[in-house]
Amino acid sequence: MTTPVNDPQAKTPVWEARADLVVIGSGVAGLTAALRAQALGLHVLVVTKAAVADGNTRWAQGGVAVVLENEHDLDDSVAKHAEDTLTAGAGLCDEAAVRSIVDGGPAAVARLRADGAKFDVAASGVLALGREGGHSAFRVIHAGGDATGAEVERALVAQAGQTGVPVLEHHIAVDALLTPGGRVAGVTVLDRHGVPGAVRASAVLVASGGLGQLYQATSNPEIATGDGLALALRAGAAVADVEFVQFHPTVLYTPGARGRCPLVTEAVRGEGATLVDGVGLPVMRGVHPLGDLAPRDVVSAAITRRMATAPGGVGDHVFLDATSVAGFARRFPTVFAACAALGLDPAVDPIPVTPAAHFSCGGVVTTVDGRSSVPGLYAAGEVARTGLHGANRLASNSLLEGLVVGQRVAEAVAADLAAGLLADPARGRLPSRTTAPAAERDSLQRVMSRYAAIGRDADGLAAAGSVLDLSLSDTPLWTHAGVEDAALTVVAQALLAAAVRRTESRGCHVRSDFPGPDEGWRRSQLIRLSPSGQPVLADPIPLEGAA
Ligand code: SIN
């Protein structure tokens, strides 16, 4: 229900709505949670800054990593999936979280299939299984060849439509409403014209996806600007592992590419394609026992090194030779179409590829059922840090995590409400800030790409911090762009602070001045905002169960 509020300045909310749970984001985690919460009898409202189907989920190609009972490779098991996740995570996963989420996969996928999602079936009639980097077995289920995210999103959006989950499209969440005791009690939002509103709710779930737009080139859509992470920080939540930004080894290369670049799924290498440099030499030979199917951080770093050093190397890209992959157009229609748009035929032409920002392994620190450190605030999906990914996410574990934690977080909210742990939304105070420091987006993306991508060092990170500081200006929070720029800025500051302090290379955090891992750094760094709004690092704490 909506209540008009008379405010001629239109800088404080001109309407208010009520719900038990407001879900920010309509990707896999958000919609899974909303559907489950509604089934549990909660009043839910989904808020999304684009159209309901426009989140990051629909761009996911590879699939869902899961070991289904009676539908898996003979020598595969849930335990092996957990081991591969731990190995990819480079010593920083929370082992209990890994086992819990991976164990939850089969039931979560069964629910999704019952809700109408259709996965590809092999000629033999059983589910088709693909393989990606870091997986020791074929265990990635996929849909439409390489359009898995689109099918997952389609099924969830259809289900949400059928069951009448209310969705507020084209509204960006700005700030949490907080009670005097520091509990979350709703959020303020802006519509696309900048008209402000407020949703009062006992529980807020941040499921807003990632932060790829920190960088000039990314596989993420334009909406991946870290807003949810920034909102959670401002609400008092702790975040961790934000220095671990995963670069996908292979987006389609075009000269000077900016913004969202088409992904070339790792599953192409799972079908036998190989990475070669400009003179045809294999990039991954001798780098890792799994060769072209090494974990993603290893492959991206190897490509980056080869681009920089190979004699005859072409500087800003290498090639994926997929000419041996039979039936490419049928198995990978999305990649095929992106190649065709450039006049390339993967059956005969090597595909030019380069690494690009893809996934935030860190985020809001939560339990495996999405509870953050702030009562009333929950997080799920890419914006959350459950401990599943550690320093480097295993391929196709993100849709899995969204499905598993999305379901659980709804149950956690229902339980917390029933136990009287959450705030009375009427007690939430509207936030008072109307401006925030924000850097100019182009220069932020330029310095983050230059100094805080793959291959960081102390001087570069310090330079990036100085450029950000110098380009800060007080920006009104009355437009989507203003809210996004402020979010990108605080997230970049948090990332830089964590990256400067982590004097080692581990997973996706590659330091040229500290090229190896340091056992003393096998721990996560917690970050909160200071009262003046600066990200500050807590003492690095070994997180329970780090493995
Ligand atoms: C891919 O298909 O290569 C991306 C899938 C993922 O990021 O998990």
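The values are calculated or read from the model by the stated rules, or taken from the named source; none is laboratory data. Because the structure is a prediction, the values reported are computed rather than measured. Using ideal geometry, Cβ is built from the backbone for each residue, glycine included, and neighbour counts are taken over all protein chains shown. The area values use the complete protein model at the heavy-atom level, side chains included, leaving out ligands, DNA and RNA. Shrake-Rupley method; radii C 1.70, N 1.55, O 1.52, S 1.80 Å.
At 0.36 nm per residue, minus the direct Cα-Cα distance, what do GLU83 and ALA481 gain on full extension? Give it in nm, one decimal, please.
Numbers: separation 398, 0.36 × 398 = 143.28 nm, distance 4.14 nm.
Taking GLU83 through ALA481 to full extension adds about 139.1 nm, to one decimal.
At what distance in nm do the modelled label points of ALA158 and ARG258 sit from each other, each positioned 7 Å from its Cα along Cα→Cβ?
3.9
So what's the net charge close to HIS248: Lys and Arg +1, Asp and Glu -1, counting the other residues with Cβ under 15 Å from its Cβ?
-2
Using +1 on the beta carbon of Lys and Arg, -1 on that of Asp and Glu, and nothing else charged, what's the dipole of the stretch 237-364 about the Cα centre, debye to 20?
Details: 9 positive and 11 negative charges, 19 e Å.
Here the size comes out at about 100 debye.
Rounded to the nearest angstrom and ordered from largest down, what semi-axes does the equivalent ellipsoid of the stretch 429-482 get from its C-alpha gyration tensor (root of 5λ)? It would help to have the intermediate numbers written out before the result.
Working: eigenvalues 148, 23, 19 Å².
Over the Cα atoms of the stretch 429-482, the semi-axes work out to 27, 11, 10 Å.
Accessible area per residue, 1.4 Å probe, Å², for the chain: what's the number? Present the calculation step by step, with values, prior to reporting the outcome.
Numbers: 19630 Å² over 547 residues.
The answer is 36 Å² per residue.
Could you calculate the FRET efficiency of LEU344 with LEU281 from 1/(1 + (r/R0)^6), where r is the beta carbon distance between them and R0 is 22 Å, rounded to 0.05? Write down the numbers at each step before the final one.
Working: r = 21 Å, r/R0 = 0.94.
After rounding, the FRET efficiency stands at 0.60.
Would you please state the base-10 log of I(q)/I(0) at q = 0.23 1/Å for the stretch 295-391, with intensities from the Debye formula using one equal scatterer on every alpha carbon?
Evaluating at q = 0.23 Å⁻¹ gives log10 I(q)/I(0) of -1.09.
Across 10 Å bins from 0, what is the distribution of all Cα-Cα pair distances for the stretch 141-222, in whole percents?
Values per bin, smallest distances first: 14, 30, 38, 17, 2, 0.
Give me the mean projected area, in nm² to one decimal, of the convex hull enclosing the Cα positions of the stretch 185-231. All intermediate terms of the calculation are to be shown ahead of the outcome.
Numbers: hull surface 15.6 nm².
Convex hull of Cα atoms, orientation-averaged projection: 3.9 nm².
In Å³ and rounded to a whole number, note down the convex hull volume per residue for the Cα atoms of the chain.
Working: hull volume 75.2 nm³, N = 547.
Dividing the Cα hull volume of the chain by its residue count gives 137 Å³.
For a label point 7 angstrom out from the Cα of SER136 toward its Cβ, which stretches of the stretch 54-84 have the backbone nitrogen within less than 20 Å?
65-84
Binning at 5 Å from 0, report for the stretch 402-538 what percent of all alpha-carbon pair distances ends up in each bin.
Computed distribution, short to long bins: 2, 9, 14, 14, 14, 14, 13, 10, 7, 2, 0.
Determine the dipole magnitude for the chain: charges of +1 sit on the beta-carbon of Lys and Arg, -1 on that of Asp and Glu, nothing else is charged, the reference point is the Cα centre, and the result goes in debye to the nearest 20. It would help to have the intermediate numbers written out before the result.
Working: 44 positive and 56 negative charges, 144 e Å.
Charge dipole, the chain, about its Cα centre: 700 debye, nearest 20.
Quick check: at a probe of 1.4 Å, how many percent of the accessible area of the chain sits on carbon and sulfur atoms? If you can, show how the numbers build up before the last one.
Values: 10860 of 19630 Å².
Of all accessible area on the chain, carbon and sulfur atoms account for 55 percent.
Starting from the residue with the highest accessible area, list TYR253, TYR451 in decreasing order, probe 1.4 Å. Could you put the intermediate results ahead of the total?
Values: TYR253 35, TYR451 60 Å².
My answer, sorted largest first, is TYR451, TYR253.
What's the extension gain from ARG501 to THR309 if we count 0.36 nm per residue and subtract their Cα-Cα distance?
Working: separation 192, 0.36 × 192 = 69.12 nm, distance 2.77 nm.
Contour length minus the Cα-Cα distance gives 66.3 nm.
Hey, any idea what Rg/Rh is for the stretch 136-180, computing Rh the Kirkwood way over Cα pairs?
On the way: Rg = 17.2 Å, Rh = 14.1 Å.
Looking at the stretch 136-180, the ratio lands at 1.22.
Counting helices only, and only those DSSP H runs with n ≥ 4, report the 222 nm mean residue ellipticity of the chain as the sum of -39,500 (n - 2.57) divided by its residues, in deg cm²/dmol to the nearest 500.
Details: 13 runs with 166 residues, N = 547.
Here the helix-only value at 222 nm equals -9500 deg cm²/dmol.
Counting only the backbone N, which residues of the stretch 26-53 are under 14 Å from the spot 7 Å out from the Cα of ARG192 toward its beta-carbon?
48-53
Could you check the simple spin-label distance between LYS118 and SER466, using points 7 Å along Cα→Cβ, in nm with one decimal?
Label at LYS118, label at SER466, 5.9 nm between them.
Going through the DSSP H helices of the chain, which span 27 Å or more along their own axis at the Cα atoms while scoring at least -0.5 as a mean Kyte-Doolittle hydropathy? All intermediate terms of the calculation are to be shown ahead of the outcome.
Details: long enough: 95-114 (29 Å, 0.40); 397-418 (31 Å, 0.79); 480-501 (32 Å, 1.06).
Qualifying helices: 95-114, 397-418, 480-501.
Report Rg(Cα)/(2.2 N^0.38 Å) for the stretch 78-131, keeping two decimals.
On the way: Rg = 13.9 Å, N = 54, 2.2 N^0.38 = 10.0 Å.
After normalising by residue count via 2.2 N^0.38 Å, the value is 1.39.
Collect residues whose amide H, placed 1.01 Å from N in the peptide plane, falls under 5 Å from the amide H of SER524; neighbours closer than 5 in sequence don't count.
Those lying under 5 Å, H to H, from SER524 are ILE541, LEU543.
Which whole-angstrom value gives the distance between the alpha carbon centres of the stretch 311-383 and the stretch 404-477?
Result: 24 Å between the Cα centres.
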